[in-house]
Structures are given as structure tokens and as C-alpha cells.
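This report concerns only the one structure given below.
Every read-out reported here was derived from the displayed coordinates using simple, explicitly stated rules and does not represent laboratory data. Keep in mind the model is a prediction, meaning the values are calculated, not measured. No Cβ is skipped: glycine too gets one built from the backbone with ideal geometry, and neighbour counts run over all protein chains shown.
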Amino acid sequence: MPLNRKARTWLTESYAGDVTFEEPMSDHTSFKVGGPADALVRPKKRDDLVRLVRWASEHGITYMPIGAGSNILVRDSGIRGIVILLDGCLQTIAAKNPASGHPVVVAGAGVKLPALCAYALKHGFKGFNFILGIPGTVGGGLRVNAGAGGRSMRDVVETVGLLMPGGSIRTLQKTDLHFSYRNLDWPPELTAEPGSTPIILEADFCLKQAGKPGIRQEARQILKLRNAHQPWTTPSAGCIFKNPEGDRSAGQLIDMAGLKGKRIGDAQVSPKHANFIVNRGQATAGDILVLMDIIRTSVYERYRIKLEAEVRIVG
């Protein structure tokens, strides 16, 4: 339901200084596009987050958590309800048994993946290098099972802590988590009721103790390769389509279809990597969606392969 005056008053009184209304989502996504959210709240503490989610659920108000906004495309019409930014809380990183051969790193959902990699490199923990260069946060990375080079978050996660709509906290073991390619599905009992999608609070990751020089050298090589082949300096949402089954990636298919450099307004298929759509400055979400449709249609007409969006389209 839309936010009425009473709801706006409660949010203003409860989160003074941490809530804005009609907030442009272009300021909070890596694509730099998107219309306004009815309300955007940045809780400072975990308790503030719990209180907000419980209140919204009790009043039938939709909410959507985001971290770095790096894997979403917000439509130009914006988002109804509340967007919850997790970059003001859920920022802790700590290690259990750091001197053991198999340390466990506990990271809040709001921790950015580059910061998590830096923490592991600093302490000589091996296992996170595959996410080097991938933008986003721990929570978002888990939701899309982020990965590269044949590895993904599924390979290192041990447990996930969840905030349920009623305010209760649940911990799921890895065996309870239903990972697939670029996706994490919750057990059906957690989403049986409308609007009952859980929010990731934190996760435990099982790593290995290793020599710092070796993993740092590996990290440098990975970053060098990604920077050479991916357009990280231009606004985008990372890979726009999932790789289909078969021996050709989405980027290869788009390139073979002759679409590198294709533009709709300021939305462009990157000349550097065909599975990236970049914002050349003034692109709209509508421009990007039209370009995505052109890509899907062209690839299907040529190769009879249906590309599925990897970016999450919201609004």
C-alpha cells in the first residue's frame, strides 16, 4: 500500500534525519537511473532495522532492502513503499578461530564485497578472491549467489542469519539454503505469506588459512584481468544477462549478434564487454529496458537462445 500521512509521520518521528521521501533511486544504484522511492530509510543500528521491518509488516507496507544497489534496475516510475538502505548498519566483520587452519569470517549483510576481500587478504584467509572486482554487498551477493571463475558464494557460506517480518531472527544452515546459478531461494515455509520475504542480517563464511604473498599475488592477477576486460569505470549493473547453458556465454552471443556499441539514448552495450550495458550519462531505465529487449530478440532470432536477465528489475 502507498504511504499515507500517518505512516509518513511515524517514519519522520522514528527516523528523524535517516528518512527521506520521494528519494531518487538514481542516487542509490550503480546504474545511476531510477525514479523516486516513496520513502528511503537508512537505519543506524540493527535494532532500528528490526523495529522498522516489524512496523511495516504490521501495517501492510511493502519494503525492499538494498545494499550497494549494484545489481538492480529501478524503473523510471520508482518504487512504492519503503526502500531500506543497509549501508548504515550491518557493517561488522570479525573472525572466529583466526589462527586455525579453517577460520570462519562473520560479516554483516551491509558489508561491501571489496571490503570483505580486503579483510581476508589482510589476515591471510583464502577463499574470497573469486569475488574480487564484483561490486555489491554480502547480502546482495548471497541473494544472487555472486561468483566468477566457476566459484560462487555457495562454496564458502556456512550459515545465514535472517530477519523475519515479525521481527524474529532465524539462522539457516547451508543445507537449508537453495542455491542455484545466480540465485538463492528461501525454503517455502519462510515465504508462505505475502510480503514475508526475509532480510539477510549476516553470514558465516568458512575459509582457509594461507600465506599472504600467495593470495595477494592471485588477487592482483584477478583484478588486472577484470579491469582489462570489464567496464568498471562507467555506471552499470555488472553483467546484464545470465550465461545460458552451452559453451557460449551471454557476452559472446551478444557480441556475435553484432550488438557491441549498440545505443538507445545514453544506454549502450559496452564496447569493452558485450554483457554490460553502461550509462553514458543521461540514460533512463526505459532506455536500458528497450536495449535489453533488442538484445534478447536479436540473440533469439539468430541462435534460438533465450537470454534471462541477471539484473533484478524493480519498481
Can you list the lysines whose alpha carbon sits under 20 Å from that of LYS122, skipping same-chain ones fewer than 8 residues off? LYS96, LYS112, LYS208, LYS212, LYS224
Once both label points are put 7 Å beyond Cα along the C-beta direction, the THR191-GLU218 separation in nm becomes 3.2
Taking the alpha-carbon centre of each part, the distance from the range 150-175 to the range 250-283 in Å is 34
Give the cross-link partners of LYS262 among the aspartates and glutamates, using a straight C-alpha distance below 16 Å as the criterion and excluding same-chain residues fewer than 8 apart. ASP287, ASP293
Extension gain (nm, one decimal) between LYS306 and LYS45, 0.36 nm per residue minus Cα-Cα: 89.7 nm
Mean Cα-pair separation over length for the chain, i.e. relative contact order, pairs under 8 Å, 6 or more apart, %: 17
On a straight-distance basis, which aspartates and glutamates could pair with LYS45 in a cross-link, Cα separation under 13 angstrom, same-chain partners fewer than 8 positions away excluded? ASP18, ASP87
For the pair ARG151 and LYS122, what calculated FRET efficiency results from E = 1/(1 + (r/R0)^6), where r is the Cβ-Cβ distance and R0 = 25 Å, to the nearest 0.05? 0.75
Labelled set (i) 6, 27, 37, 23, 7, 1; (ii) 6, 25, 32, 26, 11, 1; (iii) 6, 23, 25, 23, 17, 5, 0; P(r) over Cα pairs in 10 Å bins from 0, in percent computed from this model equals the value at (ii)
Hey, got the dipole for the range 154-250? About the Cα centre, +1 on K and R Cβ, -1 on D and E Cβ, debye to the nearest 20? 700
What order do you get for MET292, MET64 when you list them from fewest to most C-beta neighbours inside 10 Å? MET64, MET292
